[in-house]
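Accompanying notes for the structure given below.
The values are calculated or read from the model by the stated rules, or taken from the named source; none is laboratory data. Keep in mind the model is a prediction, meaning the values are calculated, not measured. Accessible surface areas use protein heavy atoms only, side chains included; no ligands, DNA or RNA. Shrake-Rupley method; radii C 1.70, N 1.55, O 1.52, S 1.80 Å.
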Amino acid sequence: LDAALIEKHGLPAISQILKTVQLTQQHRGLSALVLGGTTSAKEKRDAKQKEADQAYSAMEEIIRKIDNKTIKEAWIKPNQDWITLRNQVSSGSISVPQSYEAHTALVPKLLVVNDLIGDFYGLSLDPNVDTYQLIQSMYYIQPYLTEELGRMRAKGAGLLTKKNATPEDKMVMSELIVRASERALQMSNAYGKAVLENPGLNTKLGEATKTADG
């Protein structure tokens with residue numbers, strides 16, 4: 001019961017860091033379009049930056065309240081990197097490849113914060129096999145899957161704007177597809193272990209899982 005209560009208390013923080021990751025990923029794709037010359041995407045990019053700014057500010061407040069030295073130290077760099085990056089994109093002082101690389105370097109730092117917050121609230125130590133595997137699937141594996149997919153989206157957006165793909169570009173895309181497939185398999189395996197322990201979960205989550213796999 002204590003473990004469940006602690007986990008529940010941590011869910012808002014986990015939800016907020018994952019939202020911050022998602023908005024950063026979306027901003028990466030829109031930045032690729034705008035920096036590549038697609039002016040019609042500028043308004044959406046600007047709006048996405050505002051959303052992301054709000055998410056980073058909300059995360060800053062949450063981490064201040066958590067008051068954990070390790071989490072605070074892990075948060076400093078990605079928060080600073082976001083400020084620098086969004087200013088560079090806004091001013092157009094960064095190229096499409098540079099923007100892609102900077103966003104892609106930023107997201108893993110956010111995912112480290114996600115992992116640390118999950119550990120702080122005991123999500124990585126859930127005492128029940130079924131919920132432990134669900135937590136692994138949702139909070140520890142899925143974010144890395146979405147990052148592989150996000151990289152594919154941003155890389156693809158950049159290629160579409162220049163209407164050309166070098167052999168190196170094609171190799172990168174192929175590697176991203178492979179890694180995304182591996183992450184999807186990991187997530188599916190963790191979910192399968194949860195259902196094996198608690199078949200009733202499939203009644204609630206089976207259809208959604210099939211949709212996601214499709």
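For region 1-93, the normalised intensity computed at q = 0.22, 0.25 Å⁻¹ comes to -1.07, -1.26 (log10 of I(q)/I(0), Debye sum over alpha carbons, equal scatterers, no solvent). To the nearest ten degrees, helix 96-120 and the longest principal axis of the Cα atoms of the chain are 20 degrees apart. When Rg and the Kirkwood Rh are both derived from Cα coordinates, the Rg/Rh ratio for region 118-214 amounts to 1.11.
When the solvent-accessible area of region 1-60 is split by element, carbon and sulfur atoms take up 55 percent of it, the probe being 1.4 Å.
Per residue, the accessible area of the chain comes to 55 Å² when a 1.4 Å probe rolls over the protein heavy atoms. The convex hull drawn around the Cα atoms of the chain, when projected onto a plane and averaged over every direction, covers 12.7 nm². Legend: Rg and Dmax of region 101-161, from Cα coordinates, 14.6, 49 Å. What separates the Cα centres of region 115-137 and region 1-60 is a distance of 22 Å. Cα-based values for region 141-197, radius of gyration first and Dmax second, are 14.4, 50 Å. Among the listed pairs Lys42/Lys162; Lys77/Lys155; Lys8/Lys193; Lys109/Lys163; Lys8/Lys48; Lys69/Lys155, a Cα-Cα separation exceeding 26 Å is found for Lys109/Lys163; Lys8/Lys48; Lys69/Lys155. Solvent-accessible area of region 88-214 (1.4 angstrom probe, protein heavy atoms only): carbon and sulfur portion equals 59 percent.
Note on region 59-127: Rg/Rh from Cα positions, Kirkwood definition for Rh, rounded to two decimals, is 1.09.
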